[in-house]
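Accompanying notes for the structure given below.
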Ligand code: ADP
Ligand code: MG
């Protein structure tokens with residue numbers, strides 16, 4: 001068979017394999033295989049990685065056979081040979097490539113070295129954490145819509161929902177979901193340049209580059225290029241955007257430049273754009289231009305599913321009652337839920353026991369006693385109880401539901417933390433006198449209203465664990 005036909009067959013087979021072999025294995029071992037012949041029902045492949053023949057045969061034999069069968073229409077066998085000469089050539093290519101400027105590497109590198117572009121390098125360029133993937137993101141009612149939209153954006157960057165704005169309280173999976181988008185894109189569309197940035201780091205980097213002295217203009221040009229010369233920009237925790245004019249100006253131009261060039265932008269925040277007090281209108285309207293989705297605290301079922309997922313990842317043998325106990329005690333923050341689980345694992349490891357319900361109770365109770373309550377954790381617990389988000393508390397909403405829950409949150413924040421009314425006012429972004437009013441209102445109501453007494457008691461208990 002003509003070699004071009006062989007290569008075309010192999011590229012079709014790879015399309016099949018991309019969906020059946022885990023992405024990391026696909027890009028490490030399969031993608032770079034070279035098709036060299038197809039004779040007597042045997043497809044011949046070459047590799048420049050010494051380990052590849054063994055790994056692919058041992059772990060992905062059936063997937064390979066199925067993909068060949070699907071594309072060629074009959075059962076065939078295949079061989080993979082390690083080619084030392086090709087390996088030598090490949091090494092030379094890589095070396096040449098690494099000496100070229102990055103911009104050239106992307107556009108006119110030969111196809112073979114482009115596909116062999118190593119993943120580690122892409123990851124360090126994009127600043128992503130390998131841990132956060134769609135595969136290990138547990139979907140529940142609290143994040144179903146956000147997850148679906150994020151997945152759509154990952155599959156069609158800059159085609160739909162641009163910018164995508166994800167908001168929700170701390171520890172609910174915003175960063176995870178955002179990085180999963182980036183991860184998906186660098187695995188499935190390796191030609192696209194992805195960059196993840198925490199807003200605080202962006203601001204610090206900007207300030208550093210703005211300092212006088214040295215080649216300030218050249219430095220600023222480089223800084224701008226870094227964030228404008230990409231296809232997907234992921235900006236985490238935008239609420240940390242400082243109210244300095246220059247920062248706003250810079251992010252505004254970066255946004256416009258990317259948006260006008262049809263590049264995808266994803267933003268996360270702990271609140272809605274309209275509730276970020278220092279955000280100028282022209283930035284706010286831009287953030288609101290695409291789609292805004294929220295993530296709320298997970299319900300019990302989802303919390304248990306998250307714990308089960310963690311236990312599976314670690315191959316930890318833990319009873320359902322123990323998982324239920326953890327899920328019942330960490331209700332409003334997945335980071336804390338995970339933290340509790342990890343603590344249990346660590347103790348079980350040290351004491352070399354299987355974590356039973358009693359064991360978990362012992363470990364987490366002692367943790368709870370040490371834990372100091374914060375205004376935020378109190379506000380979250382009150383929010384969960386009334387079905388109101390912390391973002392709602394911080395907003396200017398005067399709806400009956402939000403204001404009465406907010407009164408309770410203020411009362412309990414004052415009762416259960418060591419914080420002053422000033423600190424509480426700052427957290428809720430309200431006036432000091434308003435806080436005082438809320439506190440006194442609930443204190444007086446507790447004397448006469450049994451329902452209120454019960455509600456406050458329930459919330460206190462939920463905070464005790
Ligand atoms: P946020 O950015 O909203 O503060 P993160 O994305 O950092 O929250 O999530 C906190 C931790 O909880 C991370 O370790 C993350 O992997 C985990 N997590 C959050 N939501 C989920 C989920 N739905 N499934 C699995 N893990 C989750
Ligand atoms: Mg985050």
Residue-normalised 222 nm signal for the chain, counting each DSSP H run of n ≥ 4 as -39,500 (n - 2.57), nearest 500 deg cm²/dmol, is -19000 deg cm²/dmol
Highest mean packing first, using Cβ neighbours within 10 angstrom, the peptides 324-337, 451-464 sort as 324-337, 451-464
Neighbour-count ranking for 289, 435 (other C-beta within 10 angstrom, fewest to most) reads 289, 435
One finds the C-alpha centres of region 316-370 and region 56-73 to be spaced, in Å, by 43
By the mean-Cβ-within-10 Å protection proxy, highest first, 140-148, 17-25 rank as 140-148, 17-25
Whole-Å distance linking the alpha carbon centroid of region 26-43 with that of region 189-258 is 42
To the nearest 10 degrees, the tilt of helix 400-416 (Cα long axis) against the first principal axis of the alpha carbons of the chain is 80
Length-normalised contact order of the chain, Cα under 8 Å, at least 6 apart, in percent, tallies to 11
Mean Cβ-within-10 Å packing, highest first, puts peptides 234-247, 63-76 in the order 234-247, 63-76
For the chain, longest principal axis from Cα atoms; helix 357-370 axis from its Cα atoms; angle between them, nearest 10 degrees, is 60
Relative to the chain, whose Cα atoms define the longest principal axis, helix 334-351 and its Cα axis are tilted in degrees, nearest 10, by 80
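Quick note: the coordinates plus some simple rules give every number you see, no bench work behind them. Only a predicted model underlies this, so the values are computations on that prediction, with no experimental measurement involved. All Cβ positions, glycine included, derive from the backbone under ideal geometry; neighbour counts span all protein chains shown.
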